[in-house]
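Throughout, read-outs are computed from the coordinates displayed, never taken from laboratory work. Here the structure is a predicted model, which is why all the values come from computation and not from measurement. So basically every Cβ, Gly included, is an ideal-geometry build from the backbone, and we count neighbours across all protein chains shown.
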Amino acid sequence: MKNYLLPSLRLTLVLIVLFGGLYPLSVFLIGKLAPGHGDGVTIEKNGKVIGFENIGQKFTDDKYFWSRPSAVNYNASGSAGSNKATSNPDYLKDVQARIDTFLKHNPGIQKSDIPSELVTASGSGLDPDISPEGALVQVKRVANARHFSEEKVKELVDKNTQKPLWGIMGPEKVNVLKLNLALDEMK
């Protein structure tokens, strides 16, 4: 028994030091080197923090681009998906209600033209980005609400479209908060 107990205790102590001390410390230090220093990248306006770059926010006014729906009402402390199957009647009812709302606020758009990201919540419920297609389908509504030309608003969407990393990693995306802030600054 002594032959097994001492090596087991030594191994346990080594693993506690490694995974209970050194590993968390290294993750903390790497986080401090990242943008935002491990606290998230904030977006400020007039010296006041108005949001985080990587956490979605709810926009419902017609003069703003809408974000992807959230199953947790954009609550970062409760990040989660809806956990409902695509065949679940409650889920289908929620998606249909989102489609109906979108069509009501975007006349002239067909149901088939709505990108799925605008009516389905993500796994985290906090996605800050939509696809360029998700933004472009909303251009007419936003332009009309702000009395801007559609062309001007499309140019703004193009300016705020982030390309894939190194041209190959990930899809093109538009950060909704940054786009809406740019809209507010437009004359």
Treating the angle as unsigned and between 0 and 90°, give the value, to the nearest 10°, between the Cα long axis of helix 23-33 and the longest Cα principal axis of the chain. 40
With only alpha-carbon atoms counted, please give the Rg and Dmax of the chain, in Å. 22.4, 82
Kindly provide log₁₀ I(q)/I(0) values, in the same order as q = 0.17, 0.20, 0.22 Å⁻¹, from the Debye equation applied to equal alpha-carbon scatterers of region 42-120. -0.80, -1.01, -1.13
Extension length gain for Glu151 and Leu103 (0.36 nm per residue less Cα distance), in nm, is 15.1 nm
Place the peptides 8-18, 70-80, 129-139 in order of packing, highest mean first, counting for every residue the other Cβ atoms within 10 Å and averaging per peptide. 129-139, 70-80, 8-18
